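Please read the structure below before turning to the comments.
The values are calculated or read from the model by the stated rules, or taken from the named source; none is laboratory data. Note that this is a predicted model, so its numbers are computed, not measured. Quick reminder, even Gly has a Cβ in these numbers, built from the backbone with ideal geometry, and neighbours come from all protein chains shown.
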Amino acid sequence: MRNEVCAVATALIAAFEANDRDEYFSFFAPEARFIFQTVPFVMQSRAIYEAEYDRWVREDGFEVLQCDSTHQQADIYGDSAVFTHQTFTRIRTKAGESAFQERETIIFTRRDGKWMAVHEHLSLMQG
């Protein structure tokens, strides 16, 4: 099952990197929660994150240029899984290009035989 979770997470990351909004959000349950260092509040649902993402694209010209995932680990707890990894992400906005080295945790739950993300927490790596 670890390989299944890593495969789903890898597909989620690939959709993010490809700027495939609909595919990316299809990996998240409607009630998923999101905590990002760049957002000053907890996004309490997928719909709230979708609205924030759309605002980034519309107002800031947000575009992902690269998202590399390393140090992937999946731990299974029954019908739940904790996926952790490190990312190197490059984005472009109207302000220019930026790059971030981050750590991320995604919590998945198994529903009807499919792994769905229910929580995502992203933070900058120090140093």
Scan (1) in contact with a helix residue (DSSP H, G or I) (Cβ under 9 Å, 6 or more places away or on another chain); (2) under 27 Å from K94 (Cα atoms); (3) among the hydrophobic types (A, V, I, L, M, F, W, C); (4) free of Cβ contacts under 8 Å to residues at least 40 places away in the same chain for the single condition V64 breaks and write down its number. (4)
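Looking at R58, R90, can you tell me which residue is more than 20 Å from W115 (Cα to Cα), assigned to a helix (DSSP H, G or I) and at pLDDT 95 or above? Walk me through it before giving the result.
Working: R90 fails: assigned to a helix (DSSP H, G or I).
Exactly one residue qualifies, and that residue is R58.
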So, first residue in contact (Cβ under 8 Å) with a residue 60 or more places away in the chain in segment 15-43, second residue crowded, with 19+ Cβ neighbours inside 10 Å and among the aromatic types (F, W, Y), Cβ within less than 7 Å, six or more apart or across chains; the pairs are F34/Y49
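So in segment 102-127, with the set limited to residues that are in a strand (DSSP E or B) and surrounded by fewer than 14 Cβ atoms within 10 Å (Cβ to Cβ), which one is nearest to the chain's Cα centre (by Cα)?
Filtering segment 102-127 for residues that are in a strand (DSSP E or B) and surrounded by fewer than 14 Cβ atoms within 10 Å (Cβ to Cβ), the one nearest to the chain's Cα centre (by Cα) comes out as S123.
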Give the number of residues within segment 79-101 that are closer than 19 Å to F28 by Cα, out of contact with any helix residue (DSSP H, G or I) (no Cβ under 7 Å at 6 or more places or on another chain) and of a type in the set (G, A, S). 1
Count of segment 11-33 residues which are exposed (fewer than 14 other Cβ atoms within 10 Å of the Cβ) and either β-branched (V, I, T) or over 21 Å from Q66 (Cα atoms) (or both): 2
Within segment 81-101, the residues that are hydroxyl-bearing (S, T, Y) and either buried (at least 18 other Cβ atoms within 10 Å of the Cβ) or over 14 Å from the mean Cα position of the chain (by Cα) (or both) are T87, T89, T93, S98
Return the only residue of A51, A14, A9 being under 21 Å from S123 (Cβ atoms) and small (G, A, S). A9
